[in-house]
Amino acid sequence: MKHPYLVKLRFLLLLVLGLTASLGAWAQAGTGTISGRVTDAKNEGLPGVTVLVDGTSIGGSTNADGTYTISGVPAGARTLVISFVGYSTTRQAVTVNAGQTTNVAAQSLAENATALGEAVVVGYGTQRRQDLTGAVEQISEKQFVKGQVTNPEQLVQGKVAGVQITTGGGAPGSNSQILIRGGSSLSASNQPLIIIDGVPVDNTGLAGASNPLSLINPNDIESITVLKDASSTAIYGVRASNGVILVTTKRGTQGDSFHVTASTNQSISTPVKYVDVLNADEFRALVNAKGSASQKASLGTSNTNWQKEIFRNAYTADNNVSISGAAGVVPYRISTGYLYQEGILKRNDLKRYTGALTLNPVLLNGNLRVNLNLKGSWIDNNFSDQGAVGAAVGYDPTQAVTSSEAKYAPFGGYFQFLDPSGNGQLNGLANLNPVALINQRRDRSTVKRSIGNLQLDYKIPFVPGLSANLNVGYDVQRGRGTLSAPITAAAFYNQRGVNNNYAQDLNNTLLEAYGRYERTFGAMKLEFLAGYSFQKFQNRNYIVNNNSADGTIFQQPVAPAYNGAFTTLNTNVLEGYYSRLNLNFSDRYLLTGTFRADGTSRFNPKHFGYFPSGAFAWRIKGEDFLKDNNAISDLKLRIGYGQTGQQDLGGDYYPYLANLGLSTLTAQYQLGNSFYQTLRSNQYNPNITWETTTTYNAGIDYGFFGGRLYGSVDVYRRDTKNLLYFTNIPALSGLSNAGNFNIGSLTNRGVEAIANVDLVKGERLNISVNLNGTYNHNEITKLTNSDSSNDIGQKVGGISGGVGNTVQVNSVGYTAQTFYLQQQVYGQDGKPLEGVYVDRNGNGTTGDDFYRNHAGRPNYILGGGANMTYRGFNLAFTLRANLGNYIYNNQRSQAFYDASSNGFVGNKNREVLNSGFTTAQYYSDYFLENGSFLRMQNATLGYNFGELVKKGTNLSVSFAVQNVFVITKYTGLDPEIVNFSTPPTQGIDQTIYPRPRTFTVGLNLGI
Amino acid sequence: MQRNFTRTLGMLALAAGLAAASSCTKDLNQTPDYSANAEVVYSDPAQIQQVLARLYATFAVSGQQGPAGQPDITGIDEGFSNYLRQYWQIQEVTTDEAVIGWADGSLPKLNTNQWDANNEFVRATYDRVFYEISLCNEFIRQTSDANLSKRGLASADANAVRTYRDEARVLRALCYWHAIDLFGGGPFATEADAVGTVPQYKKGSDMFTYVESELKAVDAAGLLLAPRAVYGRADKAVCWTLLTKLYLNAKVYTGTDHATDAVTYANKVLGAGYTLSPTYSWLFLADNGQSAAKNEIIFPINFDGIKTQTYGGMTYLVHAPAGGLVNLDSLGISSGWGGLRTKPALTSLFPGGAKGRSDARQGSFFTRGQKSSVDTLTLFTNGYLVLKYKNVTSTGGSGSDAKVNGGSGNFTDTDFPMFRLADVQLMYAEALLRGGTGGTAGTALDMVNAVRKRSGAAQLASVQLSDILDERGRELYWEGHRRTDLIRFGKYTTGYNWAFKGGTPTGKDIEAFRTIFPIPNTDRAVNSNLPQNPGY
């Protein structure tokens, strides 16, 4: 069997070679050479500056001393366009004489205050910021969140308008929910598409890794660009509905000298707060007052703060070394990093080794740009038992951690509640000793990931403006883990301990090719791009045995899958054809149109969906009446429209397929004397197809006072229809009671604003402030085909306490995951009356009086920060706020006195003393709290010694605090809550691994 | 020259595009390597039998990955919503026989007869019933004579498959009977309705006609296995027992009495060679599929501690009533769930109540550390325990997953006797007392006394219709019959109360419409053909 990639690659190579050969003969007479030098304001040479002959693709870049030479320039009057990231582009007229070298006077580039000329990474290319027509925001290294940042997404947390990033908790490598503009899907994934150096990476969860992004070293990242509206994302068609994040890593610079950068960050993390539970004396008093005989008898004599027993101050070291420079024509960057991060939960730590190599030479007289990126990482996780976090909150504080009594010997000497019948067995309903959970479990994984690609950009000679781009890449992940616990571990008591392995492989391969044509016709610039993309995701799972601690198989060995193998492979193939047309009239009127046809293996036989977009921008600043106006330094209007798709149903790879699934050996059925592994007809939907989001966006980019104040304001509306929705099936019409269908629609509407202010700009003192704010309203507009008034919607948002209890609902006319509770009635004393609720519909009973109110998602997301420099000192901080998000405090709602527990009592939130409830009142809105908060994400103080060692070197030190403070009325541990259920929910506070406060000392040396 | 180039380029690009497109479009056709396709499965008699086994398994397990995982239905905890667990719960917890202490969702509303159309347990029961019907429809469709000949099965194989198909029809009829009994009708589809068809509504009396005709047709075809041929299969006796149940309750379902038909089919079962288990308690032990108890069981739902694991079914029935001072080893399990108890209404049917031991059937009651009355629903100590189902054997051994056998102590071997001879004997007697012909009052008395004799209960001199309800209570308590029986005897909604009926501790009358449950709103929201039952 031929590998499809080889076939495709060979074809493309032939194509490129053929073109080169056929064109090589097409020489042209009458050319000359241009040379010159580009400097900065201090008259020092600027390396890496792009110098282009206007209207052609002829050009080059400056070398280390800022000089350049361009040969083969057609004779005649020409204009040079000199551009560099962060500097204003200048144009220079020259006359080229055939066969001669024309020396151009040195050009000085001015630093670009508004960064309008900055190259912004967009889909399949870069654009000048001033040419953008869509809602695109790029955060580069200078603006990143500082301090102990170990996962890439934390670099921009709070920095980008319209982007809500919520970490799952304080565990090292913890997963994050990234929501761009409110999330346009309901059951399908709401994660944005993440592309690292041109490789769309696999966001599938990997066994043994809580967060696939944690395998990327943030120190290697140069910039993160967020594409938010459809005109910028639609070129990614199928996966673009929830936005696109483009990550660009650092690379070497042409002609640069050899540099070494070494940095180290040393941190201490400390728990900020514990869940407010009763102490031993309070607890004892409560049980003695309210408990049954068996409960009173279960009380111990100790005084244990279980939360303090399981948490600790944790140490983190993050060391990075990189070398960069240029070896001849080959710029390079090689970096390596080592992260050792301890969690504040005992025995929880992570070790990450990373390495990256980038080579980016420009060959063949500047015609061939090569970009090779290789990244590798290796993480050793030591998970500890995170169930201990919840167990510690609810464990009897009168018990000691360990006991020498003989009856506890089978449990390793740890105190455990035993069955009240006195049979010496565990009490199956009681919590387990939290310290034992941690100490008697070894839960480790090793996760490896490599991402790499080779990108060739070839300017086809003699066809001015035409280039071909080929990108081949991969993203490979391996997860391996072991879970073991001794025979004395109560958590695996029935299984006699555990000794298990697990494994998962993810292979993602990519082939992309596009052609690009760029031409200037008088005042009009045209760029046309057309390409093809093929990506294959393979997810292999291994079927493994369940063992006891001694390694013997517990109960029975696993059976192979239907095909006889002990692995299962899921494959998703995406194939797309895309094109983009950019038109620029006099740098004033900008038009962008894109179109993508995307195919997915998830839908069959109708694989393809079609996603167009269009945008127009009017750069008013370019008009004569504003050109010379200093007060208004920039003004641009943008409007855009586009459609994007969604096909990511997570684990459901073949929703269209009628098939039968084989049961495991533990779900056999006996007929007569034989047991049968059964075959089940699985639910499927032959008509399943694309979810489509239509986005309307209008924005203004502004700059005032010579660029001292600049930013943008965007309004948007995003309508999703044919929602991929896991919803109920009419009974008897399918092969389950629910499945994936294209039903329903929802809308996100919002406003985003960004303001950057250079408050003080001076020789010594500089103060800049950046602010961003987002209002987003998410509303479900349709959920069923019948529009039945009987439909309360789909209950979601499971809670702890009781099986299957939910507190949220997806209903038409409301935000996704709106709370659905009963309205509490309060007594004269202001205390809630147990079990008494408002009869909202006046029918005499209150069992049916649930109402919808508030949601876990914030209405407003605000971010901001300031950066002050004074001589070598630097002070920066980042603030984030969410407003209007509500939280169901599940910790409090479980705090009723439960007299029914037999032979044990669990500790309670202090709430138990306030309400005095004796039965569960899980549906009371008494437990719904406003979760609005303001958090100081980080504060950093640094000092730069400058060239302390020798010329060209740099030494800086910094001191940073993460999670400095949180201001909130919320009574629980932390008002920022996301639960990674399917789909993830916001606003239900069960138990969260606390986010610590972290103090970091950093040292950075550049040679 | 430039034009030529442009053309060349265009052609090349086009060729590249087409080549890439043709090779890759194939890549868009992906199928899993680990699942089976219907053409293959239904061409192989052995695999067809595996699909048939799945139709039976729906009552026992909750998905394809015991004890939990790859669930059959979603929207509710998998083990919680298992078919047998839900069916048992809705038949028992809503009556005078059982009380459940957990505050999971709207579970307490079942206890207090205050359910509404949003009750997730009513929904789970409904979803399991119709899920099984869907599976049966698919099986019957795939094994049609046309498909069998198309797939070229040998004639002996085809005949075996035709028997499977008729078993599937019996199982489907069983589920439609549950739909009639619980919901007074509901959506209706057969193998003739392709997957994706939104079904029409059929009211209970019409569904009754359909079930009756199906069972009679299957019976007449004669393809079902002979009674007792293979333990666990839906044989002729299962078909007859189901018809007996249908006819005995026909007055409730259709308004027309079918007592004589009930006698007719009960007679067939009585003549099929079943014998009462010598010891009452054996019927509910881990080896009830092997011991002499097997000879009484007409239709079991089979469980195995190692091979058929679930958090519903028998796992639930053994664990949920265990707690307090119960010795777990005596039940062959390692933990109790502390949920199920009974009300005095049940134990007072026996001489001496829960603590009497003159009747072997009283042996299940556990009173130590428990109090008789149920004053607080959630307090496990309120109400005596019923330790009827156990994971130990008639010879003193323990189930395969019991701790002493190296297991986890979680899962049980005990089979659930859905239909058994004593039930048929009591139905026979009742049908006669209801005026059915085909027997005499004397044979009715003999049948009742035969059941009583086994447990050492005093022989009755005569038997009235009203005695039957109490005798069914004594013989069949906690076996999933109670709600249907109370309704048939007109004692479910008014005139007879028990603790927490209607939501008050002493119990009160409830609305007449509560003899059937509402059609869940979840289904009415997606199927506009479904009317709501009156009162909801």
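Restricting A:Q670, A:Q683 to residues that are within 14 Å of chain B (Cβ to nearest Cβ), over 23 Å from A:V160 (Cα atoms) and not in a strand (DSSP E or B) narrows the list to A:Q683. Condition check: surrounded by fewer than 24 Cβ atoms within 10 Å (Cβ to Cβ), part of a loop (DSSP other than H, G, I, E, B), at positive phi and under 20 Å from the mean Cα position of the chain (by Cα). Does B:G289 satisfy that? Criteria not met by B:G289. B:Q49 meets each of the listed conditions (1) under 21 Å from B:D304 (Cβ atoms); (2) more than 8 Å from chain A (Cβ to nearest Cβ) apart from (2). Taken together, the residues in segment A:278-335 that are among the aliphatic types (A, V, I, L, M), under 30 Å from A:Q386 (Cβ atoms) and not in a helix (DSSP H, G or I) amount to 4.
The single residue among A:L783, A:L732, A:L746 that is on the phi > 0 side of the Ramachandran plot and buried (at least 21 other Cβ atoms within 10 Å of the Cβ) turns out to be A:L732. Summed over segment A:270-299, residues that are over 17 Å from A:S901 (Cβ atoms) and of a type in the set (F, W, Y) total 1.
Restricting segment A:553-568 to residues that are more than 9 Å from chain B (Cβ to nearest Cβ) and among the β-branched types (V, I, T) leaves a set whose member that is farthest from the chain's Cα centre (by Cα) is A:I553.
Based on this model, can you work out whether B:E132 counts as at pLDDT 95 or above, in a loop (DSSP other than H, G, I, E, B) and of a type outside the set (S, T, Y)? No; evaluated as a whole, the condition is false for this residue. The sole residue among A:L637, A:L657, A:L665, A:L626 that is out of contact with any His (no Cβ under 6 Å at 6 or more places or on another chain), away from every other protein chain (no Cβ under 14 Å), surrounded by fewer than 22 Cβ atoms within 10 Å (Cβ to Cβ) and not in a helix (DSSP H, G or I) is A:L637. A:L883 - would you say it is more than 14 Å from every other protein chain (Cβ to nearest Cβ), of a type outside the set (F, W, Y) and over 24 Å from A:E911 (Cβ atoms)? Against the criterion (more than 14 Å from every other protein chain (Cβ to nearest Cβ), of a type outside the set (F, W, Y) and over 24 Å from A:E911 (Cβ atoms)), A:L883 qualifies.
Away from every other protein chain (no Cβ under 14 Å), touching a Leu at 6+ places or on another chain (Cβ under 6 Å) and in contact (Cβ under 8 Å) with a residue 60 or more places away in the chain: does that describe A:G750? When the stated conditions are applied, A:G750 does not pass them. Among the residues of segment B:325-343, are any in a helix (DSSP H, G or I) and of a type in the set (F, W, Y)? Checked against the condition, which is being in a helix (DSSP H, G or I) and of a type in the set (F, W, Y), segment B:325-343 yields no hits at all.
In the set A:A895, A:A960, A:A881, only one residue is touching a strand residue (DSSP E or B) at 6+ places or on another chain (Cβ under 6 Å), without any contact (Cβ under 8 Å) to a residue 60 or more places away in the chain and buried (at least 22 other Cβ atoms within 10 Å of the Cβ); that residue is A:A895.
Here the strands (runs of 3 or more DSSP E) wholly within segment A:861-978 that include at least 3 residues being more than 30 Å from A:V275 (Cβ to Cβ) are A:873-883, A:933-946, A:954-968. Exactly one residue out of A:S241, A:S223, A:S184, A:S214 is touching a residue at least 60 places away in the same chain (Cβ under 8 Å), part of a helix (DSSP H, G or I) and buried (at least 23 other Cβ atoms within 10 Å of the Cβ): that is A:S214. Within segment A:640-653, if we keep just the residues that are hydroxyl-bearing (S, T, Y) and surrounded by fewer than 21 Cβ atoms within 10 Å (Cβ to Cβ), the residue that is nearest to the other protein chains (Cβ to nearest Cβ) turns out to be A:Y653. Once segment A:730-745 is narrowed to residues that are within 8 Å of chain B (Cβ to nearest Cβ) and polar (S, T, N, Q), the residue that is nearest to A:L657 (Cα to Cα) is A:S736.
Would you call A:T727 within 11 Å of chain B (Cβ to nearest Cβ) and of a type in the set (S, T, Y)? Spelling it out, A:T727 is indeed within 11 Å of chain B (Cβ to nearest Cβ) and of a type in the set (S, T, Y).
The single residue among A:V957, A:V949 that is modelled with pLDDT of 90 or more and of a type in the set (V, I, T) turns out to be A:V957. Restricting attention to segment B:102-127, which residues are part of a helix (DSSP H, G or I), at the interface with another protein chain (Cβ under 7 Å from one of its Cβ atoms) and without any contact (Cβ under 8 Å) to a residue 40 or more places away in the chain? Of everything in segment B:102-127, just one residue is part of a helix (DSSP H, G or I), at the interface with another protein chain (Cβ under 7 Å from one of its Cβ atoms) and without any contact (Cβ under 8 Å) to a residue 40 or more places away in the chain, namely B:K109.
One residue stands out in segment A:712-728 among those that are out of contact with any Phe, Trp or Tyr (no Cβ under 7 Å at 6 or more places or on another chain) and buried (at least 24 other Cβ atoms within 10 Å of the Cβ): the one that is farthest from A:Y654 (Cα to Cα), namely A:D714.
Quick check, is A:G66 touching an Asp or Glu at 6+ places or on another chain (Cβ under 8 Å), crowded, with 19+ Cβ neighbours inside 10 Å and modelled with pLDDT of 80 or more? So A:G66 passes the test.
Here A:R840 meets each of (1) surrounded by fewer than 16 Cβ atoms within 10 Å (Cβ to Cβ); (2) assigned to a strand (DSSP E or B) with one exception, condition (2). Of the candidates B:V195, B:V269, the single residue that is buried (at least 18 other Cβ atoms within 10 Å of the Cβ), modelled with pLDDT under 95 and closer than 28 Å to A:L671 by Cβ is B:V195. Listed conditions (1) of a type outside the set (D, E); (2) surrounded by fewer than 23 Cβ atoms within 10 Å (Cβ to Cβ); (3) touching a Ser or Thr at 6+ places or on another chain (Cβ under 9 Å) are all met by A:S231, apart from (2). Screening B:Y477 against (1) touching a Leu at 6+ places or on another chain (Cβ under 6 Å); (2) touching a residue at least 40 places away in the same chain (Cβ under 8 Å); (3) surrounded by fewer than 19 Cβ atoms within 10 Å (Cβ to Cβ); (4) not small (G, A, S) leaves a single unmet condition, (3). Just one of the numbered conditions (1) touching a residue at least 12 places away in the same chain (Cβ under 8 Å); (2) of a type in the set (A, V, I, L, M, F, W, C); (3) surrounded by 15 or more Cβ atoms within 10 Å (Cβ to Cβ); (4) more than 9 Å from every other protein chain (Cβ to nearest Cβ) is not true of A:V544: (3). Would you be able to say whether some residue in segment A:492-500 is outside any loop (DSSP other than H, G, I, E, B) and touching a Pro at 6+ places or on another chain (Cβ under 7 Å)? No: segment A:492-500 contains no residue that is outside any loop (DSSP other than H, G, I, E, B) and touching a Pro at 6+ places or on another chain (Cβ under 7 Å).
Only a single criterion out of (1) within 23 Å of A:G198 (Cβ to Cβ); (2) crowded, with 17+ Cβ neighbours inside 10 Å; (3) modelled with pLDDT under 95; (4) not hydroxyl-bearing (S, T, Y) is not satisfied by A:G337, namely (3).
The values are calculated or read from the model by the stated rules, or taken from the named source; none is laboratory data. Nothing here was measured: the structure is a model prediction, and the numbers come from that model. Ideal geometry is used to build each Cβ from the backbone, glycine not excepted, and the neighbour counts take in all protein chains shown.
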